[in-house]
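Q: The following block contains the structure, expressed as structure tokens.
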Amino acid sequence: MTKPIEVKQDAPIVINRTATKSYALQESAIVKWSLITISLLFLALFLILPLITIFVTALEKGWDTYVASITHPDALAAIKLTLTVVLIVVPLNTIFGVAAAWVITKFNFKGKNLLITLIDLPFAVSPVIAGLIFILLFGAQGLFGDWLFANDIKIVFALPGILLATIFVTFPFVARELIPLMQMQGVTEEEASISLGASGFKTFWLVTLPNIKWGLLYGIILCNARTIGEFGAVSVVSGHIRGLTNTMPLHIEILYNEYQFTAAFAVASLMSILAIITIIIKNIIEWKAKEV
Amino acid sequence: MSIQVQNVSKRFGSFQALSDISIDIESGELIALLGPSGSGKTTLLRILAGLEGLDEGAILFDGENITGVSPKERKIGFVFQHYALFRHMTVFDNVAYGLKVRPRKERPSKAEIAKKVNELLSLVKLDNLADRYPSQLSGGQRQRVALARALAVEPKVLLLDEPFGALDAKVRKELRRWLRKLHNEFHVTSIFVTHDQEEALDVANRIIVMNNGKIEQIGTPDEVYENPKSPFVYDFLGNVNLFRGRLHNGKLTQGQFEIDVPTYLDSHEEAVGYVRPHDIHIEKVQTSNDTVAATIVHIHLLGPVVQIELKRDDIDEYLEAEVTKEHFNQLGIKKGDIVYIRPKQLKVFIPEDFSI
């Protein structure tokens, strides 16, 4: 039959093809280098410089002050609360995102476009408004306020409110990442799996999930980053109770407003480190995904 | 396994994909579903597999109604048009998949699965590529993996959707022959969809010609080619020349030109005679008056067959004739010559027959 193709010889050609820029788009050296310089200067000014400032200010008064700032009980409470929120919100939004993407890409039903639009809603709505929605629903003067008070359930100014607001703001990330990917992949592999006698669950676990895993991880990373950093919505519903309902961004704001710059920047540096780690993981994932 | 399709209809929105389809397929047949795109052939195949639901009618496997049964319980092997191989699995894992996903009680042991997969891989001549991923294979190799994967579950029916559609001509021919051989060995009831009439005639032992969601004709390749039941089938299976005229007293009259059609005795103002290119008789010197003069416009030499394009001298119509190389040499004709032609065999259809 046909001769087996030599993939190892073939692969570099493909890479070269993507690496070599179109001849038609070649610019003169001056244009090229000035564009590169502008981009680098812009990044240095608006990203690198602030990042350095954070660390410099945080360590201004020495290592001991830095350690003291981030081990202060209020700071530790804020870190703990933020991590709690992450541990609850990210898994929930991952499940929701996969389910929504699955439903949208594998089935045809009425109201599909509406669902896609609704998933995008948090991107369009200001986080502050997202927070206000929950105050209006569950606050003391809110729609369910009396009932919640009568039953002694606290949502606003407590962990449940922070969770709800964060979920609202971050739920598009996983779904938005998966929908185009799953649309591109289509349903034939799933059909093949079913026709070979696999159950729906096995099809999802053995065929769908491995195909979307890099996209899914990427979505989770983005969702995670936003969950840690969310300020607006959480600020409205948290009530800023020190040691209880302050997440890391809120804690930083309070410290800053109290002129405790070193402490504020110390906690900020912690968040920056988290952000940098996130970006590194994101890049590893992108690189891995490209390999597949 | 025998298959009965009973009065099956299917709509997609306002589009009637299938209307009232009934077919009987015997165990061990190799069937081609032939038709142009949009004729409903793929829809029918997907309904047989259970990948698509139906609006009306029933599907019976071995006399048992399986209309509502899910595809995973139908014991079918489905080969997809673009193979649908699991891209993150090696060739080996792709073929083993159907066995690995069985419930624990029915699942063969690891060693048994490996043995079976290796057998299938050597059957499709891919034993040395077991560790490759689908993206590292050529189209023909992927198609063979897809076949091996479908065969691994020992299906009672093998369903193939345009199995050779995306391959180049040479590989296609090879795989065609190979599929027929495979069918001879396994005798599993097989149905494949194709829009290529040559493929259907070459591989299948029965052909179902479909058009606009309806069945035009069912028969052996010989039957549908030699005795098309409708103008559509005539047209779809190979080239055809049309002789339009008036039907009267067993004669098809076209101006001065008359063709004897003794089997058609009724009269019609409009009738069309269908003639295959190889059923056109050519002579250089007029020997009888039932011929008509035509000028040779073009001569195609295609190995043993010579295609001759002709223009009728009496009316502005072109004809295509096919003769053997030997006959062509005997005739001694060349481009620009005037020759006399006569249909050796023709089939007459009355226009209302094909007001489909």
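Q: B:E322 versus (1) in contact with a Pro (Cβ under 7 Å, 6 or more places away or on another chain); (2) surrounded by fewer than 17 Cβ atoms within 10 Å (Cβ to Cβ): which is the lone unmet condition?
A: (2)
Per-residue answers, yes or no, for (1) touching a Lys or Arg at 6+ places or on another chain (Cβ under 8 Å); (2) away from chain B (no Cβ under 14 Å); (3) surrounded by fewer than 21 Cβ atoms within 10 Å (Cβ to Cβ):
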{"position": "A:L181", "(1), (2), (3)": "no, no, yes"}
{"position": "A:N211", "(1), (2), (3)": "yes, no, yes"}
{"position": "A:A264", "(1), (2), (3)": "no, yes, no"}
{"position": "A:A268", "(1), (2), (3)": "no, yes, no"}
{"position": "A:L274", "(1), (2), (3)": "no, yes, yes"}
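Q: On to the next question. On the basis of being within 32 Å of the chain's Cα centre (by Cα) and among the hydrophobic types (A, V, I, L, M, F, W, C), does B:I308 make the cut?
A: yes
Q: Identify the residue in the stretch B:73-117 that is among the aliphatic types (A, V, I, L, M) and free of Cβ contacts under 8 Å to residues at least 40 places away in the same chain and, among all such residues, is nearest to the other protein chains (Cβ to nearest Cβ).
A: Ranking the qualifying residues of the stretch B:73-117, first place goes to B:V101.
Q: How about the stretch B:235-247: which of its residues are surrounded by fewer than 17 Cβ atoms within 10 Å (Cβ to Cβ) and assigned to a strand (DSSP E or B)?
A: B:L242, B:R244, B:R246 - these are the residues of the stretch B:235-247 that are surrounded by fewer than 17 Cβ atoms within 10 Å (Cβ to Cβ) and assigned to a strand (DSSP E or B).
Q: Using the structure shown, decide if B:F61 is over 22 Å from B:F232 (Cα atoms) and touching a helix residue (DSSP H, G or I) at 6+ places or on another chain (Cβ under 8 Å).
A: So B:F61 does not fit the description; no.
Q: Still on this structure, I have one more. Which residue is farthest from the chain's Cα centre (by Cα), if the candidates are limited to the stretch A:116-127 and must be hydrophobic (A, V, I, L, M, F, W, C) and surrounded by 14 or more Cβ atoms within 10 Å (Cβ to Cβ)?
A: Ranking the qualifying residues of the stretch A:116-127, first place goes to A:I116.
Q: Scan (1) in contact (Cβ under 8 Å) with a residue 24 or more places away in the chain; (2) surrounded by fewer than 18 Cβ atoms within 10 Å (Cβ to Cβ) for the single condition B:K125 breaks and write down its number.
A: (1)
Q: Output the residue which, of all residues in the stretch B:284-317 that are in contact with a Leu (Cβ under 7 Å, 6 or more places away or on another chain) and without any contact (Cβ under 8 Å) to a residue 40 or more places away in the chain, is farthest from B:L242 (Cα to Cα).
A: B:V297
Q: Sticking with this one: Which of (1) over 21 Å from A:A225 (Cβ atoms); (2) in contact (Cβ under 8 Å) with a residue 40 or more places away in the chain is the odd one out, the single condition A:E191 does not satisfy?
A: Failing condition for A:E191: (2).
Q: Separate question: From B:F78, B:F15, which residue is among the aromatic types (F, W, Y) and touching a helix residue (DSSP H, G or I) at 6+ places or on another chain (Cβ under 7 Å)?
A: Every option except B:F78 fails the conditions.
Q: On to the next question. Got at least one residue in the stretch A:176-188 being at positive phi and in the same structural domain as A:K282 (by TED's automatic domain parsing)?
A: Yes.
Q: What helices (runs of 4 or more DSSP H), lying completely within the stretch A:104-220, carry at least 1 residues that are over 30 Å from B:V153 (Cβ atoms)?
A: Those helices (runs of 4 or more DSSP H) span A:112-124, A:127-138, A:145-150, A:159-170, A:172-185.
Q: Then there is this: Would you mind stating whether A:L143 is more than 25 Å from A:F96 (Cα to Cα) and either over 22 Å from the mean Cα position of the chain (by Cα) or at pLDDT 90 or above (or both)?
A: Yes: the conditions hold for A:L143.
Q: Can you tell me which residue in the stretch B:47-71 is nearest to the other protein chains (Cβ to nearest Cβ), limited to those that are farther than 26 Å from B:T194 by Cβ and touching a Gly at 6+ places or on another chain (Cβ under 7 Å)?
A: The qualifying residue nearest to the other protein chains (Cβ to nearest Cβ) is B:S70.
Q: Right, next: Scan the stretch A:19-42 and tell me whether some residue there is closer than 30 Å to A:Y259 by Cβ, polar (S, T, N, Q) and in a helix (DSSP H, G or I).
A: Checking the stretch A:19-42: not a single residue is closer than 30 Å to A:Y259 by Cβ, polar (S, T, N, Q) and in a helix (DSSP H, G or I).
Q: Among the residues of the stretch B:131-164 satisfying the criterion of being surrounded by fewer than 17 Cβ atoms within 10 Å (Cβ to Cβ) and more than 10 Å from chain A (Cβ to nearest Cβ), which is nearest to the chain's Cα centre (by Cα)?
A: It comes out as B:E154.
Q: Among the residues of the stretch B:116-153, which ones are of a type outside the set (A, V, I, L, M) and more than 16 Å from B:L179 (Cα to Cα)?
A: Correct list: B:K116, B:N118, B:E119, B:D127, B:N128, B:D131, B:R132, B:Y133, B:P134, B:S135, B:Q136, B:S138.
Q: Hey, another quick one. Report, ordered by the first and then the second residue, all pairs with beta carbons closer than 6 Å, sequence separation of six or more or different chains, a first member in the stretch B:1-18 that is more than 27 Å from B:K75 (Cβ to Cβ), and a second member that is not in a strand (DSSP E or B).
A: Taking only residues 6 or more apart or on different chains, the pairs are B:R11/B:D55; B:Q16/B:G213.
Q: Same structure again: Answer yes if at least one residue in the stretch B:190-213 is within 14 Å of chain A (Cβ to nearest Cβ), modelled with pLDDT under 90 and surrounded by 16 or more Cβ atoms within 10 Å (Cβ to Cβ), and no otherwise.
A: No: the stretch B:190-213 contains no residue that is within 14 Å of chain A (Cβ to nearest Cβ), modelled with pLDDT under 90 and surrounded by 16 or more Cβ atoms within 10 Å (Cβ to Cβ).
Q: Tell me, which strands (runs of 3 or more DSSP E) wholly within the stretch B:1-112 include 3 or more residues that are within 30 Å of B:N128 (Cβ to Cβ)?
A: So the answer is B:76-79.
The values are calculated or read from the model by the stated rules, or taken from the named source; none is laboratory data. Since the structure is predicted, the reported quantities are computational estimates derived from the model, not experimental observations. Note that each Cβ is placed from the backbone with ideal geometry, even for glycine, and that neighbours are counted across all protein chains shown.
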